Amino acid sequence: MTKWIAVADDDITTLKVAGRILNNNNLRMSGMNSGMALLSFLRDNRPDLILLEADMIGMSGADTLKLVREQEKKNQTKPIPVIFLKSQDDTESEDITSGLGVAAYIQKPITPDALLEVIGKVINIKDCAAECKSGDQKADQPIDHTGVEVDEADDLEHFNRKLKEKEDPNTALFVDSKAFSYIYRFFARYIATYKAHACKVLFTFSEFKETDGLEKDFSGMMDDFGDILKNILRKSDVVVKSKSNQFLILLPEVDEEHLDNVLDRIEQGWNEYRYSDYVAIIYERETVAGEESGLDERKAN
C-alpha cells in the first residue's frame, strides 16, 4: 500500500521539492501552506506521516503540533508520526517540541537521500517501493475518475464536443465531473499508447477564518481561483470543479519541473488576491507516465 504523507510548510519551494521527491518514489503527498490548513486537513484525513515546518508564519510548527495532538486525543485516534523540518540555525525546536511525539528532525534545504532516509526510519517505505517497481502492486490512485465502462468512440465524441463548446479556445478546458471522466480515460489511453507524461493536481480550499471583512464570500473566492487557472493553464489542460471547494486539473504532456512552475504561479496568483489569511490551499499531486516516455524526444522535435 502506497504511504500517504502530508507536508505543511509556508514555503512553496519546499512543498514543490518535497512533492517531486515523494512522487518520484511512489509516495502519495498532500501539501498545505499553513498550520491551520493542516488542522483542517486532518479533520477528515489520516495520512501515514506528517512533515511539518518548524518556523511557519502565523502559527508555528510547535503550536500546530500541539493542536494536532489535542485533536487526536479528543478524537481518540492514534498519534500520527511527525518529522520536523527545521533550518540549520534552529536550536530551539527540539526543546520546544519535547513530549509531543516528534519522530525525527531534518534540516532544510531537504535533499532526496536525506529525506527518504529519515522517512524510511519512521515508516516502512521499502516494501512499497519494491512492490511498485516489480509491478506486484500499483500505487494508490487517490484521484480516480475511471470507474465506468470504457467506450473509446464515445470518449472521443465527448472530448471533441467539449472542445467545440469552449468559450475561449486559448484557455484551459473547464468541464463537469461526467465529462472529466470521459476526458481522463481518453488521456489515460493516450499516455499508455504514446508513453507520455501527465500530471494531476487536486486543490482543496480550507476556510478557517470569518470572511465578513472581505468584499467577496467563499463562493466568490472560488470563482476568482477559477479565473487564476484560466489565466495560467494552457488550452490543452483540463479543469473540473469537483466540489464547491475543490478543483481538479489534468496537465497532459508535462513533467515534474513544469508542474512545479505551474504550482508556483498559481500560488502567486492566489496571494495577489490576499485571500491567504482567510482560506488556505491544500493540494495533492500525482504524476502519470508511460514506462518509456517519448516526451523529451517530441519536445526536441
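The condition of being among the β-branched types (Val, Ile, Thr) and either at pLDDT 90 or above or in the same structural domain as Leu259 (by TED's automatic domain parsing) (or both) holds for only one of Ile5, Ile57, that being Ile5. Could you grab me the full set of residues in segment 49-75 that are in contact with a helix residue (DSSP H, G or I) (Cβ under 9 Å, 6 or more places away or on another chain) and either of a type in the set (Phe, Trp, Tyr) or not in a helix (DSSP H, G or I) (or both)? Listed by number, the residues that qualify are Leu49, Ile50, Leu51, Leu52, Glu53, Ala54, Asp55, Met56, Gly58, Met59, Ser60. Looking at segment 27-41, is at least one residue surrounded by fewer than 20 Cβ atoms within 10 Å (Cβ to Cβ) and free of Cβ contacts under 8 Å to residues at least 60 places away in the same chain? Looking for residues that are surrounded by fewer than 20 Cβ atoms within 10 Å (Cβ to Cβ) and free of Cβ contacts under 8 Å to residues at least 60 places away in the same chain, one finds none in segment 27-41, hence no. Selection within segment 110-135: residues that are at pLDDT 90 or above and in a loop (DSSP other than H, G, I, E, B). The member of this set that is surrounded by the fewest Cβ atoms within 10 Å (Cβ to Cβ) is Thr111. Return the residues of segment 223-241 that are in contact with a strand residue (DSSP E or B) (Cβ under 9 Å, 6 or more places away or on another chain), surrounded by fewer than 19 Cβ atoms within 10 Å (Cβ to Cβ) and either aliphatic (A, V, I, L, M) or closer than 23 Å to His197 by Cα (or both); say none if nothing qualifies. The answer is Lys230, Arg234, Lys235, Ser236. Residues in segment 30-70 that are within 17 Å of the chain's Cα centre (by Cα), within 15 Å of Asp9 (Cβ to Cβ) and not small (Gly, Ala, Ser): Met32, Asn33, Met36, Leu38, Leu39, Phe41, Pro47, Leu49, Ile50, Leu51, Leu52, Glu53. Checking segment 17-24 against the condition returns no match, with no residue being crowded, with 20+ Cβ neighbours inside 10 Å and either more than 14 Å from the chain's Cα centre (by Cα) or of a type in the set (D, E, K, R) (or both).
Where residues in segment 139-173 are of a type in the set (Val, Ile, Thr) and more than 17 Å from Lys200 (Cα to Cα), which of them is modelled with the highest pLDDT?
At the first step, the residues of segment 139-173 found to be of a type in the set (Val, Ile, Thr) are 143, 146, 148, 150, 171.
Right, trim to more than 17 Å from Lys200 (Cα to Cα) and you get 148, 150, 171.
Details: Val148: 39, Val150: 45, Thr171: 84.
My answer is Thr171.
Going by the structure shown, is Asn271 more than 20 Å from Leu22 (Cα to Cα), of a type in the set (S, T, N, Q) and surrounded by fewer than 19 Cβ atoms within 10 Å (Cβ to Cβ)? Considered against the rule, which asks whether it is more than 20 Å from Leu22 (Cα to Cα), of a type in the set (S, T, N, Q) and surrounded by fewer than 19 Cβ atoms within 10 Å (Cβ to Cβ), Asn271 comes out as yes. For segment 174-201, a tally of residues being in contact with a helix residue (DSSP H, G or I) (Cβ under 6 Å, 6 or more places away or on another chain), over 19 Å from Leu163 (Cβ atoms) and at pLDDT below 80 returns 1. Consider segment 70-118 and keep the residues that are free of Cβ contacts under 8 Å to residues at least 24 places away in the same chain and hydroxyl-bearing (Ser, Thr, Tyr). The one that is nearest to Asn24 (Cα to Cα) is Thr111. A count restricted to segment 84-104 and to residues that are closer than 14 Å to Glu53 by Cβ and buried (at least 16 other Cβ atoms within 10 Å of the Cβ) stands at 8.
Please enumerate the residues belonging to segment 1-13 that are of a type outside the set (D, E, K, R) and farther than 20 Å from Val279 by Cα. Let's see the steps before the verdict.
Going residue by residue through segment 1-13, those that are of a type outside the set (D, E, K, R) are 1-2, 4-8, 12-13.
Passing the criteria: Met1, Thr2, Trp4, Ile5.
The values are calculated or read from the model by the stated rules, or taken from the named source; none is laboratory data. Treat the numbers as computed from the prediction; the structure is a model and nothing was measured. Here Cβ is always computed from backbone atoms with ideal geometry, including for glycine, and neighbour counts include all displayed protein chains.
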